[in-house]
Amino acid sequence: MIETVATTPYSDQKPGTSGLRKKVRVFQQPHYAENFIQSVFDVVEGKAGATLVIGGDGRFLNREVIGKAIRMAAANGFARVVVGQGGILSTPAASNLVRRRGAIGGLILSASHNPGGPDEDFGIKYNIANGGPAPEAITDAIFRRTTTLDNYRIAAAPDVDIDTLGTSEVAGMTVEVIDPVADYADLMERLFDFPAIRAAGLSMAFDAMSAVTGPYAVEIFERRLGFAPGTVRNAVPLEDFGGHHPDPNLVHARALYDAMMAPDAPDFGAASDGDGDRNLIIGRGIFITPSDSLAMLAANAQLAPGYAVGLRGIARSMPTSAAADRVAAALGIPAFETPTGWKFFGNLLDAGMATICGEESAGTGSDHVREKDGLWAVLLWLNILAATGRSVAEIAREHWTRFGRNYYARHDYEGVDSAAADALMRDLRAALDTLPGRGFGALTVVEADDFAYRDPTDASVSAHQGVRVLFEGGSRVVFRLSGTGTSGATLRVYLERYEPPVGDLAAETGAMLADLVAAADAIAGITRHTGRTAPDVIT
Ligand code: G16
């Protein structure tokens, strides 16, 4: 039996950089999740006879919302739901499943790298038939729908068992519970040279951060690739990620970093985030920034069987360093600069214009799915190490000697008063025209703009995507507000300095960026607007 439940709209259901992310307590308000899911379903056309993929990163509220989503899918006319056992699907595995099953789309329940638990974060994201996050036209339509919704439909049936593999039925809809790991691990085995990685005898530490990649990493690294038992740390997904922040950066994966800087460090260290789409790459004694990792992976990708034919293009988000552009130029392929948000890569990948994409926010991926993919990045690194016999440090040094080095850091000011952050950005935008020609210490501004992107495949325009201040010699500061936070505003300041191959390639990053840090404050008045004298997180 289908129930139609009366509801009233919530005014705060506008999806951000990556779906709707809010505190768990917000999602626990009456009908809150149901309203958003119904709004998604109202926007999706062609539900009759269609398959929907549902899964999440296992965080607190995952099971409850999956239960509701399945019963609502049944009430909204879907023919079949494919759900990961226990409600588990990493974001890249969900993307793969949508594609492989010819599904109309997928609901991914995750707040990614944000912490989990009753007082922390939850999220719902809709992915379209190509397996990628819904583009802005669709998320805008979903938001519009949330503002007028007055009822939702749900099957009046008990929640289905999502822990037992197999099929069952809810109100005439088939529910298929699948092994969340198998298809994804098979895909990785097709893309990468598993026998070569196995034969290389590398040692590794992988931190799954008590999040979704644990079961995937154990299957792929320990079972299929023969890494020693215990290679995967924090391998069991927990609803609260063990109280940690499942963000694979140098702050939240500090233990891994320390282990990799020790004299007895393994050859390779890596971590992934809450939902498995981000990555952290550390060699013995050397951290590789996400921007450099993108460039180094692109430069060496042809060593992996899945990329042996070469790349068609490389895409990066605007705040990501320009290191990848230099690789694209050397390979004679196009480089694309998109706004922050993986959804902007989807059209380029679908059109065959780009093969590899990456972001400074620790996301790298390719056209094998339509999400960034943490384990994919780890495996491509392992494949490159195995094929070259080089260490991570050697690969990095050779890369910088050939292309030059883009020193890079991101400074985050978290939990800033939203009005103060908005005022900072407003003043900055108002001052853009006055900046060119001005000097800040030894730096001279050559150009300053508010980044706008025109998608080359459909001509859609996304404006106000961050303020760029470019200096003579290729250095740069970018300012933007995060679209993924759940309390106050997060100001992100991205700092980049280019050193050519003949320059200083082995300096300390902080020292190389010191004048840019000072310029950033002088230009944007960070302390004046926010009262902060130092960032909360440097990545
Ligand atoms: C999401 C998006 C990424 C984006 C990141 C940071 O990642 O998918 O494309 O780069 O947020 O966004 P912001 O700077 O607006 O916080 P994830 O891993 O959180 O899904």
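The values are calculated or read from the model by the stated rules, or taken from the named source; none is laboratory data. All values derive from a computational prediction rather than experimental measurement. Every residue, glycine as well, gets a Cβ built from its backbone with ideal geometry; the counts of neighbours run over all protein chains shown. All accessible areas refer to the heavy atoms of the entire protein, side chains included, with ligands and DNA or RNA removed. Shrake-Rupley method; radii C 1.70, N 1.55, O 1.52, S 1.80 Å.
Tell me, what are the semi-axes, in whole angstrom and largest first, of the equivalent ellipsoid of region 296-439 as set by the roots of 5 times the Cα gyration tensor eigenvalues?
In descending order the semi-axes read 32, 18, 16 Å.
Ranked by the mean number of other Cβ atoms within 10 Å of their residues, highest first, the peptides 108-115, 321-328, 304-311 come out as 108-115, 321-328, 304-311. Backbone phi angles across region 305-319, fed through the Karplus curve with coefficients 6.51, -1.76 and 1.60 (θ = phi - 60°), yield HN-Hα couplings of x, x, 10, 4, 6, x, 9, 8, x, 10, 10, 9, 6, 3, x Hz in residue order; Gly and Pro are listed as x. The distance separating the Cα centre of region 57-77 from that of region 390-409 comes to 45 Å. Summarising the amide proton neighbourhood of Ala129: residues at separation of 5 or more, or on other chains, whose placed amide H is nearer than 5 Å comprise an empty set. The Rg/Rh ratio of the chain, with both radii computed over alpha carbons and Rh defined as the Kirkwood radius, is 0.96.
Candidate membrane-span-like segments in the chain, meaning DSSP H helices with Cα atoms spread over at least 18 Å of their own axis and a Kyte-Doolittle mean of 1.6 or above, are 374-388, with no membrane implied.
Using a 1.4 Å probe on the protein heavy atoms, what percent of the accessible area of the chain belongs to carbon and sulfur? Within the chain, the accessible surface is 50 percent carbon and sulfur.
The convex hull drawn around the Cα atoms of region 33-153, when projected onto a plane and averaged over every direction, covers 7.0 nm². Its residues counted as N, region 133-226 yields a C-alpha radius of gyration over 2.2 N^0.38 Å of 1.65. For the chain, the solvent-accessible area of protein heavy atoms averages 36 Å² per residue (probe radius 1.4 Å; ligands and nucleic acids excluded).
Starting from the coordinates of the alpha-carbon atoms of region 393-539, obtain the Kirkwood hydrodynamic radius over all distinct pairs and give the value in Å to one decimal.
Here the Kirkwood hydrodynamic radius works out to 16.4 Å.
What the Cα convex hull of region 1-101 gives, in volume per residue, is 119 Å³. Provide, in order from the shortest bin, the percent of all Cα-Cα pairs of region 236-368 in each 10 Å bin, continuing until the bin that contains the maximum pair distance. For region 236-368, the binned pair fractions read 13, 39, 32, 15, 1 percent. What percentages make up the Cα-Cα pair-distance distribution of region 463-513 when the bins are 5 Å wide from 0? P(r) for region 463-513, in whole percents per bin: 5, 16, 21, 20, 15, 12, 8, 4, 1.
For region 303-357, just say rounded, prolate or oblate: build the C-alpha gyration tensor, square-root its eigenvalues into a ≥ b ≥ c, call rounded for a/c under 1.5, and beyond that prolate if a/b exceeds b/c, oblate if not.
Oblate is the answer for region 303-357, as a/c is 1.5 or above yet b/c matches or exceeds a/b.
From the alpha carbon centroid of region 117-143 to that of region 214-239 is 28 Å.
Nearest 5 percent is fine: what portion of the DSSP beta bridges confined to the chain is antiparallel? Write down the numbers at each step before the final one.
Working: 65 of 93 bridges.
Here the share of antiparallel DSSP bridges comes out near 70 percent.
Cross-linked pairs Lys23/Lys343; Lys125/Lys343; Lys22/Lys125: Cα-Cα separations exceed 18 Å for Lys23/Lys343. Kirkwood analysis of the Cα pair distances in region 364-454 returns a hydrodynamic radius of 18.1 Å.
This model, with +1 at the C-beta of Lys and Arg and -1 at the C-beta of Asp and Glu, gives the chain a dipole about its Cα centre of some 520 debye.
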